[in-house]
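The values are calculated or read from the model by the stated rules, or taken from the named source; none is laboratory data. Owing to the predicted nature of the structure, the values given are computational and were not obtained by experimental measurement. Methodologically, a virtual Cβ is constructed for each residue, glycine included, from the backbone with ideal geometry; neighbour enumeration extends over all protein chains shown. Note: areas computed on protein heavy atoms with side chains; ligands, DNA, RNA excluded. Shrake-Rupley method; radii C 1.70, N 1.55, O 1.52, S 1.80 Å.
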Amino acid sequence: MRKLFFAAAMLLLSQVGFGQAVNDQAIIPVSVTLNSILRLTVVSGGNIDFVVNTIDQYTNGINNGGGDARYHTNFTVSASQDFDVTIRAEDATFLGQDNIAHTMPLDNVGFDLIENGSGADPTNWALPGAVLALTQAAQNIVTGVAGAAAGSAAQNDFTIQWRLGTSEGAMNTNSLLAQSLDPDRYITNVFLELVPK
């Protein structure tokens, strides 16, 4: 009997010794959704119209140095990630509207880029720093710096300064007069594209 009592006591003590406290637990799922913000907005200068009507303009071009605001395109970028901006013409040449056989080389139009916002070149992005000629192939005009390009329109504010026939930088070295182009209204569409990195 003593053995039975001893075994029962040991069993009871083992249950008390190994008993565990009650542990309450709750699971709270936490999620984060990051929506991509990639917005390029043309603020002004969405239509550039060069009209050549003097021999001086045929010889020296229009907007040499890029200072005339009539030939500026201002655009901003709001981006939640680093980005580049490219520019390209839709066609291989400017196309005549009065006569479709008339064409004008794209490189008669050139541009450079300046910043207007709180961002800086080369801290936030790299800008070309020279006059480029318009091409059908996409060219980077804003090359974002990793970890520094993303930001609001207040940071990423740019102006394209267009010019025609000025032979600056990479532009056509022959004047409009020397090219003896047919009189016409020449048109092409130019695409600005915001490219995430």
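A few notes on this one:
- Segment 170-189 versus segment 40-76: alpha-carbon centroid distance in Å: 15
- A Förster radius of 30 Å, combined with the Cβ-Cβ distance separating Ser118 from Glu90, puts the computed FRET efficiency at roughly 0.35.
- A simple rule links phi to the HN-Hα coupling: the Karplus curve 6.51 cos²θ - 1.76 cosθ + 1.60 with θ = phi - 60°, which for segment 130-144 gives 8, 7, 9, 9, 5, 9, 7, 6, 5, 10, 6, 10, 10, 10, x Hz, with x for Gly and Pro.
- Accessible surface of the chain, 1.4 Å probe: 55 percent of it comes from carbon and sulfur atoms.
- Rule-of-thumb Rg ratio for segment 152-193 [Cα; 2.2 N^0.38 Å; N residues]: 1.66
- Rounded if a/c under 1.5, otherwise prolate or oblate - segment 35-196, Cα gyration tensor axes: prolate
- The stretch between Ser180 and Asp98, if pulled fully straight at 0.36 nm per residue, gains 27.8 nm over its current Cα-Cα span.
- In a simple Cβ point-charge model (Lys, Arg +1; Asp, Glu -1; nothing else charged), the chain has a dipole of about 1540 debye relative to its Cα centre.
- Most fluctuating residue given options Thr166, Thr123, Thr93, as computed from a GNM of the chain linking Cα atoms under 10 Å: Thr123
- Cleavage-rule hits, trypsin sites (Lys or Arg not before Pro), segment 29-105, DSSP coil, Cβ neighbours within 10 Å at most 16: none
- Accessible surface, per residue, of the chain when the full set of protein chains is kept, probe 1.4 Å, Å²: 61
- Axis angle, to the nearest 10 degrees, between helix 2-17 and the longest C-alpha principal axis of the chain: 20 degrees.
- Segment 97-186: translational diffusion in µm²/s, Stokes-Einstein, Kirkwood Rh over Cα pairs, 4 °C, 1.567 mPa s: 87
- Sum of -39500 (n - 2.57) over DSSP H runs of 4+, divided by residues of the chain (222 nm, nearest 500): -3500 deg cm²/dmol
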